[in-house]
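This report concerns only the one structure given below.
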Amino acid sequence: KIQLQQVILNLTLNAIEALADVDECPREVLISTQNTESGGIVVEVCDSGPGLDPAHLSSIFDAFYTTKSNGLGLGLSICRSIVEAHGGKLWATSGALGGAAFQFSLPAGRR
């Protein structure tokens, strides 16, 4: 439970940090959940920030890869490891709010 809380916290803090330099549009972070047909769950954290550079999308979950001037590049890598250890998947896409969307799925019945 604590590990999954850390994943949600990290994704949320990343979304908030992505909004730091946004001035021309509303700053929004949306956290949503939905059930899957198989009884699992999908959690999504979206922001209205600048989004993800498609050229670097394949690297964002690599250890020590960062776009932040003061980042270590471990947060997303650790998040993916935690989600996978619980039988799930973590991925990123362009968000409905115009920024980034990070989603993870977890199967039903895992504790």
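The values are calculated or read from the model by the stated rules, or taken from the named source; none is laboratory data. As the structure is a prediction and not an experimental result, all values here were calculated from the model. Using ideal geometry, Cβ is built from the backbone for each residue, glycine included, and neighbour counts are taken over all protein chains shown. For accessibility, only protein heavy atoms count, side chains too; no ligands or nucleic acids. Shrake-Rupley method; radii C 1.70, N 1.55, O 1.52, S 1.80 Å.
Between residues in region 79-94 that are acidic (D, E) and residues that are crowded, with 18+ Cβ neighbours inside 10 Å, which pairs lie under 9 Å by C-beta distance while being six or more apart or on different chains?
Hits for this filter: E84/L90.
Going through region 57-69 one residue at a time, which ones are over 17 Å from A15 (Cβ atoms), surrounded by fewer than 12 Cβ atoms within 10 Å (Cβ to Cβ) and not aromatic (F, W, Y)?
S58, S69
Among the residues of region 85-108, what is the count of those that are open to solvent by 50 Å² or more (accessible area, probe 1.4 Å) and in a loop (DSSP other than H, G, I, E, B)?
Residues flagged as open to solvent by 50 Å² or more (accessible area, probe 1.4 Å) and in a loop (DSSP other than H, G, I, E, B) within region 85-108 amount to 5.
Just to be sure before I move on: is L9 part of a loop (DSSP other than H, G, I, E, B) and either out of contact with any Leu (no Cβ under 7 Å at 6 or more places or on another chain) or within 24 Å of L106 (Cα to Cα) (or both) in the structure I sent?
no
Only residues that are in contact with a helix residue (DSSP H, G or I) (Cβ under 8 Å, 6 or more places away or on another chain), open to solvent by less than 60 Å² (accessible area, probe 1.4 Å) and farther than 18 Å from L72 by Cα: list them for region 1-28, please.
The answer is L4, and nothing else.
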